[in-house]
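The values are calculated or read from the model by the stated rules, or taken from the named source; none is laboratory data. Owing to the predicted nature of the structure, the values given are computational and were not obtained by experimental measurement. Note: ideal-geometry Cβ built from the backbone for every residue, glycine included; neighbour counts use all protein chains shown. These area figures cover heavy atoms from the full protein model, side chains too; ligands, DNA and RNA do not enter into them. Shrake-Rupley method; radii C 1.70, N 1.55, O 1.52, S 1.80 Å.
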Amino acid sequence: METAKGERWITWIIKISGYSSILFVSLILFFLAREGFPALGEVPLKDLFGARWYPIEGYFGIWPLIFGSVLVTVGALLIGIPFGIGTAVYLSELAPAWIKNILKPIIEILAGLPSVVLGFLGIQLAAPFFRQFLNLPTGLTAFTGAVLLGFIAIPTIVSISEDALNTVPSTYRHGALALGANHWQTIWGVTVPAARSGLLTAVMLGVGRSIGETMAVMMVTGNAPVLPRSLNALFLPARTMTATIASEMGEVATGSMHYHVLFFIGIVLFGISLAVNLTASSLALRSRKRAERLLS
Amino acid sequence: MKFAARTVVVITLLTILAACGSASGGSNSPSASTYIQNKGSDTIVNLALAWAEAYQTVKPDVRISVTGGGSGTGLTALISGTVDIANASRKIKAEEIQAAEANGIEPVEHVIARDAIAVIVNPENPIGELSLEQIARIYRGEVNNWSELGGEDRPIVRLSRETNSGTHVYFLEEVVRLGDKENKEIFSADTLLLPSSEGIIAEVSDNPNAIGYDGLGYVTPEVKMLAVARTADQPYVLPSVESVNNGQYPISRDLYMYTQTGAPQSVLDYLSWILSPNAQQIVTDLGFVPVLNTTAGK
């Protein structure tokens, strides 16, 4: 009797902590919407999606910020995907056990590295190096930010990709080898395609990780709100949405137009992350259903 | 981000000493220590820290906590009533006064020091002097190569502080707009907005294409200060305590502390101490310009 009562209590506590996350997310959403949507009424849409961001003089164009974030994130993926998936394939398919035992903890350390530290290295080492090596006007560019973000996204991509590759049944590999495929053909033709949805999820989570990153990006991208005109913009300074919110939120008067616009940027950012996460989970779900159909 | 500035520096060391003192004295009042919150401009933060430290020897029972973050940040905190003293490197704006009054707070202004803003380039850059007009044209984006100013054939990389910095606002009004209130020019969109004074010094000392500006107190030997002339036909002057005090260096400004009316006596005592010769000596030591002999104004 006593134990049954105790168990009921424990179940309740666990239940509440489970539901609380729903409560917190909806409270955050509510707050974001309450503080951000007034911006739509205060700033004409044409200005809000204008080309110039200079809030202290009333220029609230958020396009340069959206493009800045997209530019840096795409750049980060161009670096993070080949490195991340390559590392995962190596770890799961090729590496001898002792190398695996060294590499995995190192990647986990990389994941735990505070982004401020990476940003500091970026200012001191990466930016001067890229300026001289690529002969740029300045090293504080979207590209430098992308490289740092690539490093930040790689651990996420590696660990999820590796899990995905590990779940590919070994019978697949044996089958491919039995059919005469060599090791590389097995990896490229069978294992990686079989783990495709898991790899996509890994990439999407990498996107989510990069687009939300603030500190490292703010330190090395130069924060100039320029609207990109060509691909060359990757090698010019850029200003991301996150860096804008972080550097300006402390200064604004609560309830001012600038304050509401910053929250609106938060809504845009939230929308982008949500879309990315939904895509990732729907991809994972779809492939699971297909696998179930095949097995049944 | 703001490496030194953002770190909250609470001076508690002497509080402990004070506590020990009152414990042994016994007869002291129980609430012996008063607490002053001081926040704002990153330009002033080192000066405010030095003052807070020195004040411990004058009034050991007063604890002063100093934080940076930018003039706007400090004034916002004053408006919301969370600090006693806001440091600002620009005058309070009309809308900030309104916001304060809406909260029942009436800001009081104190000029506590003066500052020259040095325009800096990399030591490799052969350019040694520019007129205000030329600097304005650079920052508006009208001049994009050093060769147009008689320098090497290099692109110009413009560096500025973030828009929440009082230095940024001052530079916009007095340099980019040349002090003309009707002028609505703004910084070129590709101006790099760096989150700290140190970031500007770091990039300028590394990059021969760069031009930046920073408070005189922050300038280090790794960068080169430019001599600046009000107009092209006037003398080019390097920033220094003398050239600011005799009014020759054109980019100088007052630094402020803001309190509210009805501030506690401890805050008023602190502010009057700040204007004493001893405290103003610290101003000189840190590369700022003291306010003792500048009653005549600009």
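Provide the packing ranking of B:278-287, B:246-255, A:101-110, i.e. peptides ordered by the mean count of other C-beta atoms within 10 Å per residue, highest first.
Highest to lowest by the protection proxy: B:246-255, B:278-287, A:101-110.
Just to confirm the filter: which GluC sites (Glu not before Pro) across the range B:124-169 are DSSP coil and have at most 14 other Cβ within 10 angstrom of their Cβ?
Working: sites: B:Glu124, B:Glu129, B:Glu133, B:Glu142, B:Glu148, B:Glu152, B:Glu162; in loops: B:Glu124, B:Glu142, B:Glu152, B:Glu162.
The qualifying sites are B:Glu124, B:Glu142, B:Glu152.
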In degrees, nearest ten, helix B:265-274 long axis to first principal axis of chain B (Cα): 40 degrees
Accessible surface, the range A:38-295, averaged per residue in Å² (probe 1.4 Å): 47 Å²
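Which value, to two decimals, describes the C-alpha radius of gyration of the protein assembly as shown once divided by 2.2 N^0.38 Å?
On the way: Rg = 28.5 Å, N = 594, 2.2 N^0.38 = 24.9 Å.
That ratio works out to 1.15.
Summarise the partner chain shielding of A:218-229 as one whole number: the mean count of Cβ atoms from other chains within 10 Å of each residue's Cβ.
Per-residue shielding by partner chains comes out at 4.
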Using θ = phi - 60° and Karplus 6.51 cos²θ - 1.76 cosθ + 1.60, couplings along the range B:99-105 (whole Hz; Gly, Pro as x): 4, 5, 5, 4, 8, x, 10
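Taking 8 Å as the Cα distance limit and 6 or more residues as the minimum spacing, I'd like the relative contact order of chain A as a percentage. Each step should come with its number before you reach the end.
On the way: 385 pairs, mean separation 79.5, N = 296.
RCO, chain A: 27 percent.
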Accessible area of the range B:139-298 divided out per residue, in Å², using a probe of 1.4 angstrom: 40 Å²
Between 0 and 90°, nearest 10: helix A:257-295 axis offset from chain A longest Cα axis: 20 degrees
Long-range amide H partners of B:Tyr213 with built H, under 5 Å: B:Ile120
For A:Tyr59, distant residues with modelled amide H under 5 Å away: A:Tyr54
Under-5 Å amide H pairs with A:Leu236, H placed in peptide plane, nonlocal only: A:Ala142, A:Phe143
q = 0.08, 0.13, 0.14 Å⁻¹: log10 I(q)/I(0) that the Debye formula gives for the range A:38-295, counting C-alpha atoms only: -0.39, -0.88, -0.98
Whole-Å semi-axes of the ellipsoid equivalent to the range A:71-127 (Cα gyration tensor, √5λ, descending): 25, 16, 8
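What is the percent carbon and sulfur in the accessible area of chain B, measuring with a 1.4 Å probe over the protein chains and ignoring ligands?
Details: 6260 of 12030 Å².
On chain B, the fraction of accessible area on carbon and sulfur atoms equals 52 percent.
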Rg to Rh, two decimals, where the range B:197-269 supplies the alpha carbon set and Rh follows Kirkwood: 1.14
Buried area at the B-A interface (accessible, heavy atoms, 1.4 Å probe, summed, Å²): 2500 Å²
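Two-decimal Rg/Rh of the range A:19-153 from alpha-carbon positions, Kirkwood Rh?
Values: Rg = 20.6 Å, Rh = 18.6 Å.
Checking Rg against Rh, the ratio lands at 1.10.
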Cleavage-rule hits (trypsin sites (Lys or Arg not before Pro)) in the range A:133-231: DSSP loop, at most 10 neighbouring Cβ within 10 angstrom: A:Arg229
Crossing angle, helix B:13-25 versus chain B [Cα axis fit, 0-90 degrees, rounded to tens]: 20 degrees
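Which of the peptides A:211-219, A:161-169, A:73-81 is most tightly packed, and how do the rest follow, going by the mean number of other Cβ atoms within 10 Å of each residue?
Values: A:211-219: 24.8, A:161-169: 18.7, A:73-81: 21.8.
Ranked from most to least packed, the peptides come out as A:211-219, A:73-81, A:161-169.
What are the semi-axes of the equivalent ellipsoid for chain B, taken as the square roots of 5 times the Cα gyration tensor eigenvalues, largest first, in whole Å? Each step should come with its number before you reach the end.
Numbers: eigenvalues 287, 76, 60 Å².
They are 38, 20, 17 Å, listed largest first.
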Range of Cα positions in the range B:35-175 per principal axis (Å), largest first: 58, 38, 19
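Counting only helical runs of four or more DSSP H residues, what would the 222 nm mean residue ellipticity of chain A come to if each run contributes -39,500 (n - 2.57) and the total is spread over all its residues? All intermediate terms of the calculation are to be shown ahead of the outcome.
Numbers: 14 runs with 210 residues, N = 296.
Result for chain A, helices only: -23000 deg cm²/dmol.
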Contact order relative to length of chain B, as percent, for alpha carbon pairs under 8 angstrom and 6 or more apart: 24 percent
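Which of the chymotrypsin sites (Phe, Trp or Tyr not before Pro) across the range A:1-91 are loop residues per DSSP, with 13 or fewer other Cβ within 10 Å?
Values: sites: A:Trp9, A:Trp12, A:Tyr19, A:Phe24, A:Phe30, A:Phe31, A:Phe49, A:Trp53, A:Tyr59, A:Phe60, A:Phe67, A:Phe83, A:Tyr90; in loops: A:Phe49.
Of the chymotrypsin sites (Phe, Trp or Tyr not before Pro), the ones in loops of the range A:1-91 whose Cβ has at most 13 other Cβ atoms within 10 Å are A:Phe49.
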